[in-house]
Amino acid sequence: MSPIYAPTETYRNKILPLQTQCEIRNTWLKDRLDNVIPALMTRENVDMWLVIAREYNEDPIIMTMLPQPQMSARRRTILVFARHDDGTVDRLTLSRYPMEGYYEHGWNPDDEDQYACLKRVIMERNPQTIAINTSQMWAFGDGLSREEYQNIADALGGDLMARTVSAERLCVGWLETRIVPEMDAYPGIVEIGHAIIAEAFSSSVIHPGVTTTEDVVWWMRQKMQSMGLEAWFQPNVNLQAYNEQFDELGDSSERRTVILPGDLLWCDMGFYYLGLATDQQQHAYMLKRGENDAPEGLKEALAQANQLQDIHMAEMAVGKTGNAILKTTLESGREAGLSPTVYSHPLGFHGHAAGPTIGLWDQQDGVSGQGDYAVYDNTAYSIELNIKTAVPEWDGQEVRIMLEEDAMMRDGEMQWLDHRQTSFHLIG
C-alpha cells in the first residue's frame, strides 16, 4: 500500500521562515566549498577553476556557489579556485562586493582593472591547467559567455590560454554531488510533494463532472506558491478512460478534460525548496458509484510499472553509465514480459539536473555524450518510466502507467527518498 499523507496544511508548518532557509543553505554552501571543491579538483586533476558571470547573465552554476541572500552576480563576479599540491584549495572572489566567510576578497578596484587582477592572480600561482566553463556537451558546463571568454583571452594572452581546459566535469560534479546534510533533508522535501499530490487527487479538490484536469493543474501550482515553494515547471494532469483514445505525446486539443467517474488520472509536478528540486508522477482512480477500488486490470498495470521500477533501481550502480543502465533495464523489463520505456534523469539543484542521462522518451537506444557519463555515489535521481498494457475491464484497451519517483545513490546503494506509489489514490 502507498503511504497516507497528512493534509498539506500540516506540511506548511515544515516550511521554514525565509531567513532560516537562507541560514541553512549557507551552512550547506560552506560545507560544499570546504569539501566538495577540493575533492572534485583532485579527482579531475585541475589546478585552477574560473567561474565568471555578469549580472543578469549568470552562469548555470554560479548562483549555487554564492551565499544567500545574494540574488545575482552583481556587476561581474569572478570566482577563482586554486588547488595546492597538498589538495587544499584557495577560494578567491575578484569582485566588487566581498563574500566574507566564503571567499577571500582578492581585488581592489581602486588599484587595478578586474581582469588585470585575474591575470596577476594566475601568474602568481602558475597553474598548469585552468578550467573554464565551456562545453559542447553540457549546458551546465557552458556558462561562460562569449564576451567573458574574449575578456579572458585578451587578459591572459596565448601562453596562459593554452593551459585552459573545459570545466564541464567540474561543473557536473559540483552540481550532482550531495553532501550529508542535503541527503538527510531530501526525503522530507520529497514527502511534501507527495502530500500535495495526495490532496490534489482527493474529493477535497476534485468534484466529478465539474472539475477539469486544468483546474487540478492550477490548484497544484497555487498550492506550491501558497506554501512558499517554487514550481520549476508547470504541473501537468491528464486522464485516460474506457473507450477514449489516449496519446500522451499527441494533439490534446480534442481531449476531454472534465473528470468523470471511471477515469484514470495522472499528474506530474515538482518544486524547489532549500535549493533542491523534486519531480514526481503518480496516478489516481475516480471511483464509479458502487465501486470501492480500481478495476483489477488497472491495479495489475500499476504493479507492472512497480516491477519496472524494481528492475531499474537494481540496475543502478556506481561507475555504470546512463546508457548501460538504460540498456540492461529495458532488456530485463522485456524479458519479464513488460513493455518498458525509461527516461530517468539526475535531480538536485535543477529538476533536469547534472549527471548521467538514462534514456529520453524518444531515444531508447541511448543518449550520446550525456548518457555515457557514469553514476557517482551520493547523487540523486528521478526514476522516470512507463509501461503500456491491456486492461481486461476496458475490453483490452491499452493504458499507459507513467511513474516518476525520487531516489538517491547513497553510500553505494539506491534508495527511494520517500517511498513510492504502489496503489492508486482513490477519489470518490
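The values are calculated or read from the model by the stated rules, or taken from the named source; none is laboratory data. The shown structure was predicted, so the numbers you read here are calculated from the model rather than taken from an experiment. Glycine also receives a Cβ, built like all others from the backbone with ideal geometry; neighbour counts cover every protein chain displayed.
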Worksheet item: Restricting attention to segment 240-251, does a residue exist that is within 25 Å of Thr8 (Cα to Cα), touching a residue at least 12 places away in the same chain (Cβ under 8 Å), in the same structural domain as Leu385 (by TED's automatic domain parsing) and not basic (Lys, Arg)?
Response: no
Fill in: Single condition Ala167 does not satisfy, out of (1) buried (at least 22 other Cβ atoms within 10 Å of the Cβ); (2) more than 30 Å from Lys119 (Cα to Cα); (3) small (Gly, Ala, Ser)
(2)
Discussion item. If Asp268 satisfies all but one of (1) part of a strand (DSSP E or B); (2) without any contact (Cβ under 8 Å) to a residue 40 or more places away in the chain; (3) of a type in the set (Asp, Glu), what's the number of the condition it fails?
Written reply: (2)
Practice prompt. Search segment 357-377 for residues that are closer than 12 Å to Lys327 by Cβ and part of a loop (DSSP other than H, G, I, E, B) and pair each with any residue that is at pLDDT 95 or above and of a type in the set (Gly, Ala, Ser) when their beta-carbon atoms are under 7 Å apart and the residues are at least 6 apart or on different chains.
Written response: Gly359/Ser344; Val367/Gly322; Val367/Gly359
Practice prompt. Within segment 409-427, track down each residue that is buried (at least 16 other Cβ atoms within 10 Å of the Cβ) and part of a strand (DSSP E or B).
Written response: Met409, Arg410, Met414, His425, Leu426, Ile427
Worksheet entry | Trp266 touching a strand residue (DSSP E or B) at 6+ places or on another chain (Cβ under 7 Å) and either crowded, with 16+ Cβ neighbours inside 10 Å or outside the structural domain of Ile401 (by TED's automatic domain parsing) (or both) | yes
Worksheet entry | Odd one out for Leu249 among (1) crowded, with 16+ Cβ neighbours inside 10 Å; (2) among the aliphatic types (A, V, I, L, M); (3) at pLDDT below 95 | (1)
Fill in: Residue match in segment 335-348 (condition: closer than 20 Å to Gln307 by Cβ and among the charged types (D, E, K, R))
yes
Worksheet item: Does Ile192 count as in a loop (DSSP other than H, G, I, E, B) and either at negative phi or not assigned by TED's automatic domain parsing to the domain that holds Ser382 (or both)?
Response: no
Worksheet item: Residues in segment 275-311 that are in a loop (DSSP other than H, G, I, E, B), over 25 Å from Glu176 (Cα atoms) and of a type in the set (D, E, K, R): how many?
Response: 4
Practice prompt. Go through segment 380-408 and give me each residue that's of a type outside the set (Phe, Trp, Tyr), over 26 Å from the mean Cα position of the chain (by Cα) and either closer than 17 Å to Trp266 by Cα or not in a loop (DSSP other than H, G, I, E, B) (or both).
Written response: Thr389, Ala390, Val391, Pro392, Glu393, Gln397, Glu398, Val399
Practice prompt. Hey, can you tell me all the residues within segment 361-374 that are surrounded by 16 or more Cβ atoms within 10 Å (Cβ to Cβ) and closer than 18 Å to Glu404 by Cβ?
Written response: Val367
Item to complete: Take Gly297 and decide whether it is in contact with a helix residue (DSSP H, G or I) (Cβ under 6 Å, 6 or more places away or on another chain), under 26 Å from Ile206 (Cα atoms) and at pLDDT 95 or above.
Response: yes
Worksheet item: Given the conditions (1) closer than 17 Å to Ile152 by Cβ; (2) surrounded by fewer than 20 Cβ atoms within 10 Å (Cβ to Cβ); (3) among the small types (Gly, Ala, Ser), which single one is not true for Gly87?
Response: (1)
Worksheet item: If you take the residues of segment 35-57 that are surrounded by 13 or more Cβ atoms within 10 Å (Cβ to Cβ) and out of contact with any Lys or Arg (no Cβ under 9 Å at 6 or more places or on another chain), which of them is nearest to Arg146 (Cα to Cα)?
Response: Asn57
Discussion item. Criterion first (touching a residue at least 24 places away in the same chain (Cβ under 8 Å), farther than 26 Å from Asn236 by Cα, surrounded by fewer than 21 Cβ atoms within 10 Å (Cβ to Cβ) and among the charged types (D, E, K, R)) does Lys320 satisfy it?
Written reply: yes
Item to complete: Kindly indicate whether Pro69 is loosely packed, with under 15 Cβ neighbours inside 10 Å, of a type outside the set (Lys, Arg), farther than 24 Å from Arg125 by Cβ and touching a helix residue (DSSP H, G or I) at 6+ places or on another chain (Cβ under 6 Å).
Response: yes
Discussion item. Would you confirm whether or not segment 9-23 contains a residue that is in a loop (DSSP other than H, G, I, E, B) and under 25 Å from Trp138 (Cβ atoms)?
Written reply: no
